[in-house]
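To start, the structure itself, in structure tokens.
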Amino acid sequence: MSSLQQRAELQSQIWKIANDVRGSVDGWDFKQFVLGTLFYRFISENFKVYIEAGDVSINYAKLSDSVITSELKDDAVKTKGYFIYPSQLFETVVAKANSNENLNTELKAIFTAIESSANGYPSEHDIKGLFADFDTTSNRLGNTVKDKNSRLAAVLKGVAGLNFGRFEENQIDLFGDAYEFLISNYAANAGKSGGEFFTPQHVSKLIAQLAMHKQASVNKIYDPAAGSGSLLLQAKKHFDNHIIEDGFYGQEINHTTYNLARMNMFLHNINYDKFDLALGNTLLEPHFNNQKPFDAIVSNPPYSVNWIGSDDPTLINDERFAPAGVLAPKSKADFAFVLHALNYLSSKGRAAIVCFPGIFYRGGAEQKIRQYLIDINVVETVISLAPNLFFGTTIAVNILVLSKHKSDTKTQFIDASGPDFFRKETNNNVLSEAHIEHIMELFDQREDVPHVAKSVEHKDIAANSYNLSVSSYVEARENREKVDIAVLNEEIKMTVEKIDRLRRDIGAIISEIEA
């Protein structure tokens, strides 16, 4: 079975589990239990492989907890970031799940123990609260303990039946792919809270490639609005053959999503010492100030979200916003995220940021911030994407590429919104590998292409009120059919003559009938 077939089969099975076991529980809520179980299985199997270290004579699941020494536990936590006793392993719990009358409380105790195993170690911050949204005693699972246990057992058995292959055979990332698939499908079907934290993989791949274009290595990569970590993970996939020297960094304001992002790091086999994710408001409580600058920044911040802005007079003195001389509007924080990213960007790096189109042409404070960005020559490229690429919105978004090492004073504009740059798939449009390659080729070559790409001098953008809309510089292709007026007039003349003949013939027939 090919990797594509294997992945498709896994995705089908996971979606079936999610639908079969959720019953009356809302799908968007119940995803936490499916995702949590998937994560529990992953870290159990990963930990088991680590302990056994390839020794076929050892079956860690069959050992008694009593034989575990404090030295073994200490070494394991320092290396893996957590510890799981044999009795706490996923496979051990699954084996007796159907008959375990205390399943829900035992699972709760196991999750607490796994998190607590990191207390006092460097990994404590990365492990603490990982299972917070997997509440095995929640009434969402049922009104009685029996109902809760029955549903939990069904989830455990369903996830246990998934064929992920062996860790030793490099199939680990199938966990991560399956996990992202489940998140994306729930996002697509969740309505009001659909895709607020998930950037589709195909868009993430484009953003990661833009941010790391022609960089043989980067010190570290950062996402100031990390969501579930999909953008950072695409950077890992894209850079498998290169080096991200000091790891993956991100900040997320939503606690549930923050937990998902941390889980996602582990699921993609990024060890605790190679990522650092923080919980909090990036604009008001920014983390990693002591870690900047970053050679690569990727981000899909919330569109036109409210923030305190000018109601906090101290913000205009913040080193991130002060150089522009103005704060982003209180009802539209988009440019606050852009300025934050610029401040964290290294002199050799790039930032690729998904942006709401309106920020590129509106007046007021946003126009002043655009002027600042153009005047200091950091706007490398603006790319207009096709509509309906994201879950929960049909907006045709833009990607803003910032660079502090431009070799000229031009800004490139790429119109990638046309039918040559996407394909329709179910309810959304998607970017294929060929579409991404096409966009990257345009970005790399920087040549003017009629109706697609154009590089514009600083002075011309200034003369156009610092408008950065792609449509202001890339002329749209004329899709209307060209008509030869002379030929059209001749066709109309012939049509009129035919109508006149038909009228005469009909008149003659009527006269004969009346006679």
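Quick one: order MET494, MET440 from most to least accessible surface, probe 1.4 Å. The partial results should precede the final answer.
Numbers: MET494 95, MET440 20 Å².
Greatest to least solvent exposure: MET494, MET440.
By the Kirkwood approach, averaging reciprocal distances over each pair of separate Cα atoms, the stretch 331-443 gets a hydrodynamic radius of 15.1 Å. Taking the C-alpha atoms only, the angle from helix 70-80 to the longest principal axis of the chain is near 10 degrees.
Amide H contacts of LYS404 (H built 1.01 Å from N, in plane; Pro and chain starts excluded): GLY349 sit under 5 Å, all sequence-distant by 5 or more or on other chains. Using only the Cα atoms, work out Rg/Rh for the stretch 358-409, with Rh taken as the Kirkwood radius, to two decimals. Expressed as Rg/Rh, it is 1.05. For Rg and Dmax of the Cα atoms in Å, pick the label among [x] 30.9, 125; [y] 61.6, 208; [z] 28.6, 117 that corresponds to the value derived from the coordinates. Among [x] 30.9, 125; [y] 61.6, 208; [z] 28.6, 117, the one calculated here is [z].
Report, in degrees rounded to the nearest 10, the 0 to 90 angle that the Cα long axis of helix 201-211 makes with the longest principal axis of the chain. Relative to the chain, helix 201-211 is tipped by roughly 90 degrees. Ordered by 1.4 Å accessible area with all protein chains kept, ARG140, ARG504 run largest first as ARG504, ARG140. Note on LYS96: accessible area approximately 100 square angstrom, rounded to 10, probe 1.4 Å, nucleic acids and ligands left out. Compared with the dominant Cα axis of the chain, that is its longest principal axis, helix 27-52 is turned about 50°. The phi-based Karplus calculation (6.51 cos²θ - 1.76 cosθ + 1.60; θ = phi - 60°) puts the 3J(HN,Hα) values of the stretch 494-502 at 5, 5, 4, 5, 4, 4, 4, 5, 4 Hz, whole numbers, x for Gly and Pro. Computed from backbone phi with θ = phi - 60° and the Karplus coefficients 6.51, -1.76 and 1.60, the 3J(HN,Hα) list for the stretch 102-111 is 10, 4, 5, 6, 5, 4, 4, 5, 5, 5 Hz; x is used for glycine and proline. Look at the Cα gyration tensor of the stretch 412-482: its axes a ≥ b ≥ c give a/c of at least 1.5 with a/b over b/c, and that counts as prolate. At the residue level, VAL67 shows approximately 80 square angstrom of accessible surface with a 1.4 angstrom probe and all protein chains present. Seen from every direction in turn and averaged, the convex hull around the alpha carbons of the stretch 34-167 projects onto 8.3 nm².
Surface analysis of the chain yields an accessible area of 46 Å² per residue, using protein heavy atoms and a 1.4 Å probe. Between the amide H of THR381 and those of VAL401, GLN412, distances stay under 5 Å, these residues lying 5 or more places away or on another chain, with hydrogens modeled in the peptide plane. Convex hull volume of the Cα atoms of the stretch 220-343, normalised per residue: 98 Å³. 3J(HN,Hα) along the stretch 292-304, derived from phi through the Karplus expression 6.51 cos²θ - 1.76 cosθ + 1.60 where θ = phi - 60°, amounts to 6, x, 10, 6, 9, 10, 10, 6, 10, x, x, 7, 6 Hz, with x in place of Gly and Pro. Rolling a 1.4 Å probe over the protein chains gives ILE506 an accessible area of about 90 Å². Under a 5 Å amide H cut-off, with hydrogens placed 1.01 Å from N, SER432 pairs with ARG423 among residues at least 5 apart or on other chains.
The values are calculated or read from the model by the stated rules, or taken from the named source; none is laboratory data. Because the structure is a prediction, the values reported are computed rather than measured. To get the accessible areas, we keep the full protein, side chains included, count just its heavy atoms, and leave off ligands, DNA and RNA. Shrake-Rupley method; radii C 1.70, N 1.55, O 1.52, S 1.80 Å.
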